[in-house]
Every structure is written in C-alpha cells, then in structure tokens.
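The values are calculated or read from the model by the stated rules, or taken from the named source; none is laboratory data. Nothing here was measured: the structure is a model prediction, and the numbers come from that model. Note that each Cβ is placed from the backbone with ideal geometry, even for glycine, and that neighbours are counted across all protein chains shown. Just so you know, the surface numbers come from the protein's heavy atoms only, side chains and all, with ligands and any DNA or RNA stripped out. Shrake-Rupley method; radii C 1.70, N 1.55, O 1.52, S 1.80 Å.
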Amino acid sequence: MKIKIAPSLLSADFSNLGQAVRDADSGGADYLHFDIMDGHFVPNITFGPMVVKAVRPLTKVKFLTHLMIQNPDDYIEEFVEAGSDSITVHVETCPHLHRVIQKIKSLGARAAVAINPATPIVTLKEILGDIDGVLIMTVNPGFGAQEFIESSLDKIARMRAMLQKAGRDIDIEVDGGVSAGTVGRIVEAGANVLIAGNSVFANPMGVKKAIEELRSLAEAAVSRTCTSRG
Ligand code: DX5
Ligand code: ZN
C-alpha cells in the first residue's frame with residue numbers, strides 16, 4: 001500500500017495557520033489532517049468548519065477532517081461544504097455508525113472510522129465493507145505531543161489481518177505519537193497513512209525535512225516488510 005504522510009495542524013502555529021498549510025503543501029504532504037474537538041468527547045476544544053473553509057483556497061492537498069465531537073452527524077455536511085475531502089468519525093460517538101457512513105459517502109467524501117486505544121478492533125468488523133479507511137488512535141485523543149502507546153503495534157497488525165481476511169485493501173491510518181522513532185514499527189505493523197503533528201510542526205529541522213524523514217523511514221519499513229514476506 002502507498003505510504004501517505006498527513007501532517008496534523010493541531011501542532012501548527014495557530015497565529016500563522018495559513019503559513020503552516022503552505023509549508024506542509026510545499027514540504028510534500030499527501031494530506032492535511034484537521035483535529036476537531038468539542039470539549040465533551042475529548043477534554044480540549046479546537047476549531048470548526050470556518051477554519052477549514054478559510055485555509056481551503058491555500059492548497060490543493062486533500063483535507064482529512066477528524067471529528068472528535070459528540071453527535072458528529074450534525075456537522076458532517078458543514079465540514080464537507082467547508083472543503084473536507086474525507087471525514088473520520090469515532091465509533092465511540094456513533095450508535096448509528098452505518099447511517100453516518102452512508103451520509104458521508106452521499107456527500108461525496110471519503111469515509112473513515114476511528115477507534116480509541118481502549119476500543120477493540122472487533123467494533124469495526126460489520127462496517128469494513130462500507131468504509132475507505134480505519135484510524136487507530138495510538139494516544140488518547142485530545143492533545144498533541146503525547147507518548148505513543150506501544151501496545152498499539154499489535155492492534156495495528158491485528159487490524160491489517162482482519163482487513164485482509166475481509167478482502168478489504170483499505171487505509172490504516174495511525175494518529176498519535178508518530179515520529180522518526182516510531183514510524184518504522186508502525187508501518188511494519190501494517191499502517192500506511194501516517195498522521196503526525198508534533199514531529200512535523202514542532203520539528204527543529206523544519207516541516208519539509210520532517211516530512212521527508214518520516215517518508216523515507218516509512219518507505220524503508222515497507223521494503224523490509226516486502227523482503228521478509230518474500
Ligand atoms: C490527537 C489528535 C492528533 C494529534 C496527534 O487527539 O487526533 O491528530 O495532532 O499529535 P502528535 O502527532 O503530536 O501525537
Ligand atoms: Zn487527529
């Protein structure tokens with residue numbers, strides 16, 4: 001599967017958000033990741049569709065919008081209209097997940113489902129045929145720059161095996177603690193979309209070098225995996 005690097009704007013300088021978007025674009029980002037937090041589902045508040053809309057004209061890079069909010073179905077339309085190409089909802093917030101996914105797709109957006117560290121992968125089993133990606137949270141959602149939860153590696157590997165068994169060749173996104181120190185093992189475990197906030201926007205090497213480093217470590221891990229599987 002193709003490696004994609006998705007810088008998360010949560011760690012960008014919010015007093016200069018437009019520049020952060022341009023830096024990610026010129027630095028070679030495949031996607032931009034927007035963290036929407038409501039202070040209820042997660043203990044932090046970020047921003048809404050107005051901010052997504054404001055930076056939309058600055059780049060052609062696809063926008064992945066990660067809804068860490070209660071009742072996400074009430075806001076899907078607004079985020080798609082604001083320019084989100086992909087909407088990720090949390091399984092923990094959606095008792096009617098199938099309906100929510102159909103709504104995202106009916107609006108022409110890519111649909112992904114996220115699970116928290118304590119949520120088992122089996123909660124996604126019945127929806128695998130309907131979604132374009134799964135997002136494994138590898139920290140508890142709410143804040144950037146947290147430590148990667150090591151037990152997630154096994155969870156990612158079990159998720160990839162579950163997808164293979166279901167005949168679904170879709171993205172596994174990983175969000176939380178993705179850095180030069182963890183990215184290789186994350187890719188070896190079976191993930192291909194790497195969401196990274198702190199290690200990109202707070203990197204002393206700068207955004208472009210940070211993206212390049214993550215990509216080269218990730219691609220080296222893909223080669224190792226291919227060789228070991230013959
Ligand atoms: C956390 C967010 C992440 C966050 C990751 O709740 O969903 O997207 O930006 O930050 P890092 O990469 O710093 O762990
Ligand atoms: Zn996120």
Yes or no: segment 92-103 includes at least one residue that is away from ligand 1 (no atom under 16 Å from the Cβ), open to solvent by less than 50 Å² (accessible area, probe 1.4 Å) and among the charged types (D, E, K, R). no
If you check residue 123 against the conditions, is it hydroxyl-bearing (Ser, Thr, Tyr), part of a helix (DSSP H, G or I) and either over 30 Å from residue 19 (Cβ atoms) or within 16 Å of the chain's Cα centre (by Cα) (or both)? yes
Of all helices (runs of 4 or more DSSP H) completely enclosed by segment 129-206, which ones contain at least 1 residues that are more than 16 Å from ligand 2 (Cβ to nearest atom)? 152-165, 183-189
Need pairs with beta-carbon distance below 6 Å; first residue under 23 Å from residue 223 (Cα atoms) and within segment 186-202, second more than 12 Å from ligand 2 (Cβ to nearest atom) and modelled with pLDDT under 95; sequence gap 6+ or separate chains. 188/225; 192/1
Tell me which residues, restricted to segment 145-185, are free of Cβ contacts under 8 Å to residues at least 12 places away in the same chain and among the basic types (Lys, Arg). 165
Taking interchain pairs and intrachain pairs at least six residues apart, which have beta carbon atoms under 6 angstrom, with the first residue in segment 1-23 and touching a residue at least 24 places away in the same chain (Cβ under 8 Å) and hydroxyl-bearing (Ser, Thr, Tyr) and the second in a loop (DSSP other than H, G, I, E, B) and surrounded by 15 or more Cβ atoms within 10 Å (Cβ to Cβ)? 8/197; 11/144; 11/197
Criterion: within 27 Å of residue 115 (Cα to Cα) and either within 14 Å of ligand 1 (Cβ to nearest atom) or of a type in the set (Phe, Trp, Tyr) (or both) - qualifying residue of 36, 76: 36
Any chance you could count how many residues in segment 164-179 are more than 8 Å from ligand 1 (Cβ to nearest atom) and either within 12 Å of residue 1 (Cβ to Cβ) or open to solvent by less than 40 Å² (accessible area, probe 1.4 Å) (or both)? 8
Looking at 225, 182, which is the one that is under 17 Å from residue 3 (Cα atoms), open to solvent by less than 40 Å² (accessible area, probe 1.4 Å) and at pLDDT below 95? 225
Given (1) out of contact with any strand residue (DSSP E or B) (no Cβ under 9 Å at 6 or more places or on another chain); (2) not in a helix (DSSP H, G or I), number of the condition residue 98 does not satisfy: (2)
Of these, 126, 213, which one is without any contact (Cβ under 8 Å) to a residue 40 or more places away in the chain and touching a His at 6+ places or on another chain (Cβ under 9 Å)? 126
Return yes when residue 189 is open to solvent by less than 20 Å² (accessible area, probe 1.4 Å), under 30 Å from residue 128 (Cα atoms) and away from ligand 1 (no atom under 15 Å from the Cβ) and no when it is not. yes
Just wondering, is there one or more residues in segment 3-20 that are within 30 Å of residue 224 (Cβ to Cβ), out of contact with any strand residue (DSSP E or B) (no Cβ under 8 Å at 6 or more places or on another chain) and modelled with pLDDT of 95 or more? yes
